[in-house]
Amino acid sequence: MLDALLGTFEPFQMLMIFIGVFSGIIVGAIPGLTGSMLIALTLPITFHMSPLHATSLLVAMYVGSITGALISATLLRMPGSPAAVMTTIDGYPLAKSGQPGRALGIGIAASFWGSLIAWLALALLTKPLSELAVILGPFDYFALVMMAMVLIASVTGGDMVKGLIAGFLGMLVTFPGIDPSGGEMRLMFGVNDLIGGFKLLPVLIGVFAVSQIFADVLSVKARPEPLVYTNKGLFMSWKDLRKFFPNILRSSVIGTVVGILPGVGASVASAFSYLVARLQSKTPEKFGTGSEEGIVASEAANNASVGGALIPLLALGIPGSVVDAILIGALTIHSIQPGPLMFSSNPEIVWNVIAVDLVATFVMFALMLGLVRFYIRVAGVPKQYLLPVIMVCCVVGVYSLNNTMFDVWTMLGFGVVGFILERAGFSLGPFVIGYVLAKVAEAKLRQGLMFTDGDILPLFTSPLSATLLLVAVVLLVWSLLTERRRKNSPLSAALDEE
Amino acid sequence: MQYFQTLEAWVTAGLLVVSTAFLVSSTGLPAGTFDPLGPGAAPEMVSGLLCLLCLTVLIRGALRAAAGVDLEEEAAVDIIKREGVESPYSLAIFFVLLLGYLLAFQWQLGHFIAITIPFVFVTILLLGGLSLRNGIIALAIATGLSVGFFYVMTGFFTIRLPGI
């Protein structure tokens, strides 16, 4: 660990962390651009880097993008990413009441402490969890992936059935091409270019970047003018820190735990901890009108979810969020298989990710405080200037992978599919996570059946896999019942409306 | 039927067609040589489940439409449509421009810089409106991006772009 930490101070490594955090904050601050988009777009560039530098850059972008969303949420009343929606509720009213510096300062400090607390969990829990995960058999792993799929579908997007459809569609997309177990060609529909299947990067860039560009082009409108900004109150005092620390600690723990759950990302963490903070507050009536506690809860939790989400990625190879699914793709591109064996096969990468998460947190804190005025300016750049630039980056980035236009057309196709799916209320999170997990699930199921000579019974009788499948079924039934009850309840409808 | 319900029905029907095609094709795959499942089992399971789920959404949507029930998301999309916040014409023109750009890229109709400048320039004017200020900014961005990108990609990353 110490070696990895010292390694981050190597000049090029540090440069990657600075560039990652800096660009992550910018993208987070601009409404409509997301961290997933930035990381997916950066993947082609990382081909030319060592795995160590590539992971440093991407993890730093992840940390920066979550925090950057705070700026536009507070000053523009437009959350830079879904994770900052809850911050907008109190950040904007507080900034509008003449305290923009304080609103941002509280958010930045809460983000910093949230990241640090989650980092502790990341550093302490990842190795023990991966040691436990080594004992998982193929059926246990398959059951774990199934449980993750159900969890993802039930939490993201709201509509459970549509979440499952998106997840299974993501899985279906991985099947064309050569069967990885037997070597036979399958489901190519006469398209010879599909021999290698739909490649990860064109799919990711299409789904996250191109579909987002289409959505932005459809509704390009003038942004509200940012509030007049003053630095007053930007630096949180010790007195404030003592006052807010119980809230920071509670929200960070919530953020970390929610982050650990597969596929459940920063937005759920932030919303959940906001609600808990309101329940625990002595002044719950202030929430929604510029409550400092509300900003602290939301920002500590959404930043803590980053560290939390990295735990299942490193220990199990299961993405804790959509961005983690892309990071899994990045590791695979560099021939690194995320999962329990990573600690023995690529320990330097695992410890580097953990060390970079810590260093990037400090860099994020310094850059947010030092360059806040610059970021506010950037957040106001009109989208019409950015969208064509991003589109050209997508085209050239994907083309450069293999110098083939098939990848570019694939990207465009998945961009259109992603755009249409989102318009029809299908969430893209389960799609990407299904896409990333499908190969693992299929391989483990087939491997398990080979061990048992085709007997499927151990999947349901082995204690661990049976428990995981039971959890998946309970989650499925519970989500469907909750959804039905919510729709039928007039009180819930009224609360939702509020 | 409202806009959202119609869109949901069309998209789900499309997904049903795709998953049925996958289901039919995967049932025709040979049995496995080394393992009991073979290459077709996983696609069969996934596409079969997908068919069932799509049918569920279609039936649910039809029942909802018959009962005249509005979902919150339906209402939101319909309000946006009514208020005219969205501009489908901009999207359509942008899509055509993009297709033109990609075809020029594929058929190498010109140098990378020569095909990228018009695409970026026209797109910025399309999205930002026609004005002298916008035109100057668009030209500066289009030229800077195309030239910069070309030299970085070909010189630094040794990527073969049209025009080399």
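Remarks
- Of note, A:Gly413 does not satisfy the criterion of being in contact with a helix residue (DSSP H, G or I) (Cβ under 8 Å, 6 or more places away or on another chain), more than 9 Å from chain B (Cβ to nearest Cβ), under 28 Å from A:Pro262 (Cα atoms) and surrounded by 18 or more Cβ atoms within 10 Å (Cβ to Cβ).
- Matching residues in segment A:423-482 - criterion: being more than 11 Å from every other protein chain (Cβ to nearest Cβ) and among the small types (Gly, Ala, Ser): A:Ser427, A:Gly429, A:Ser462, A:Ser465, A:Ala466, A:Ala472, A:Ser479
- Top-ranked residue in segment A:182-211 [being of a type in the set (Gly, Ala, Ser) and not in a helix (DSSP H, G or I); ranked as farthest from the chain's Cα centre (by Cα)]: A:Gly190
- Looking only at segment B:20-58, and only at residues there that are within 7 Å of chain A (Cβ to nearest Cβ) and polar (S, T, N, Q), the one that is farthest from A:Met188 (Cα to Cα): B:Thr56
- Scanning segment A:358-410 for residues that are more than 8 Å from every other protein chain (Cβ to nearest Cβ) and not in a helix (DSSP H, G or I) returns A:Leu371, A:Gly380, A:Val381, A:Thr404.
- Screening the candidates B:Leu91, B:Leu127 for the property of being in contact with a Leu (Cβ under 7 Å, 6 or more places away or on another chain) and modelled with pLDDT under 90 yields one hit, B:Leu127.
- When B:Gln108 is tested against the conditions (1) of a type outside the set (D, E, K, R); (2) touching a residue at least 12 places away in the same chain (Cβ under 8 Å); (3) on the phi > 0 side of the Ramachandran plot; (4) facing chain A (nearest Cβ under 9 Å), the lone failure is (4).
- Residue in segment B:59-80 that is at the interface with chain A (Cβ under 9 Å from one of its Cβ atoms) and modelled with pLDDT of 90 or more present: no
- Some residue of segment B:32-42 being outside any loop (DSSP other than H, G, I, E, B) and at pLDDT 85 or above: yes
- Candidates A:Ser50, A:Ser36: the one that is of a type in the set (Ser, Thr, Tyr) and out of contact with any helix residue (DSSP H, G or I) (no Cβ under 7 Å at 6 or more places or on another chain) is A:Ser50.
- Checking B:Gly28, B:Gly40 one by one, the residue that is surrounded by fewer than 16 Cβ atoms within 10 Å (Cβ to Cβ) and without any contact (Cβ under 8 Å) to a residue 24 or more places away in the chain is B:Gly28 and no other.
- None of A:Gly196, A:Gly157, A:Gly137 is in contact with a strand residue (DSSP E or B) (Cβ under 7 Å, 6 or more places away or on another chain), small (Gly, Ala, Ser) and modelled with pLDDT under 85 except A:Gly196.
Okay, residues lined up against (1) out of contact with any Phe, Trp or Tyr (no Cβ under 7 Å at 6 or more places or on another chain); (2) within 14 Å of chain B (Cβ to nearest Cβ); (3) buried (at least 19 other Cβ atoms within 10 Å of the Cβ); (4) over 16 Å from A:Ile376 (Cα atoms):
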position	(1), (2), (3), (4)
A:Ala4	no, no, yes, yes
A:Phe9	yes, no, no, yes
A:Ala40	no, no, yes, yes
A:Leu70	yes, no, yes, no
A:Leu76	yes, no, yes, no
A:Met86	no, no, yes, yes
A:Pro93	yes, no, yes, yes
A:Lys96	yes, no, no, no
A:Ala103	yes, no, yes, no
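- Meets criteria (modelled with pLDDT under 80 and of a type in the set (Gly, Ala, Ser)) for A:Gly28: no
- Residue selected from segment A:255-276 under the condition of a type in the set (A, V, I, L, M) and more than 16 Å from the chain's Cα centre (by Cα), by the criterion surrounded by the fewest Cβ atoms within 10 Å (Cβ to Cβ): A:Leu275
- Exclusive hit being surrounded by fewer than 24 Cβ atoms within 10 Å (Cβ to Cβ) and in contact with a helix residue (DSSP H, G or I) (Cβ under 9 Å, 6 or more places away or on another chain), set A:Gly183, A:Gly163, A:Gly177: A:Gly177
- Among residues of segment B:95-112, those that are out of contact with any Leu (no Cβ under 9 Å at 6 or more places or on another chain) and not polar (S, T, N, Q), counted: 7
- Filter result for B:Phe149 (within 16 Å of A:Cys394 (Cα to Cα), assigned to a helix (DSSP H, G or I) and not charged (D, E, K, R)): yes
- Segment A:333-352, residues that are hydroxyl-bearing (Ser, Thr, Tyr) and in a helix (DSSP H, G or I): A:Ser344, A:Ser345
- Unique match (being closer than 20 Å to A:Arg77 by Cα and touching a residue at least 12 places away in the same chain (Cβ under 8 Å)) among A:Ser252, A:Ser281, A:Ser267: A:Ser267
- Segment A:43-60, subset assigned to a helix (DSSP H, G or I) and at pLDDT below 85, residue surrounded by the fewest Cβ atoms within 10 Å (Cβ to Cβ): A:Ile45
- Any hit, segment A:108-122, residues being surrounded by fewer than 24 Cβ atoms within 10 Å (Cβ to Cβ) and in a loop (DSSP other than H, G, I, E, B): no
The values are calculated or read from the model by the stated rules, or taken from the named source; none is laboratory data. Note that the structure is predicted; figures quoted are calculated from it, not measured. Note: ideal-geometry Cβ built from the backbone for every residue, glycine included; neighbour counts use all protein chains shown.
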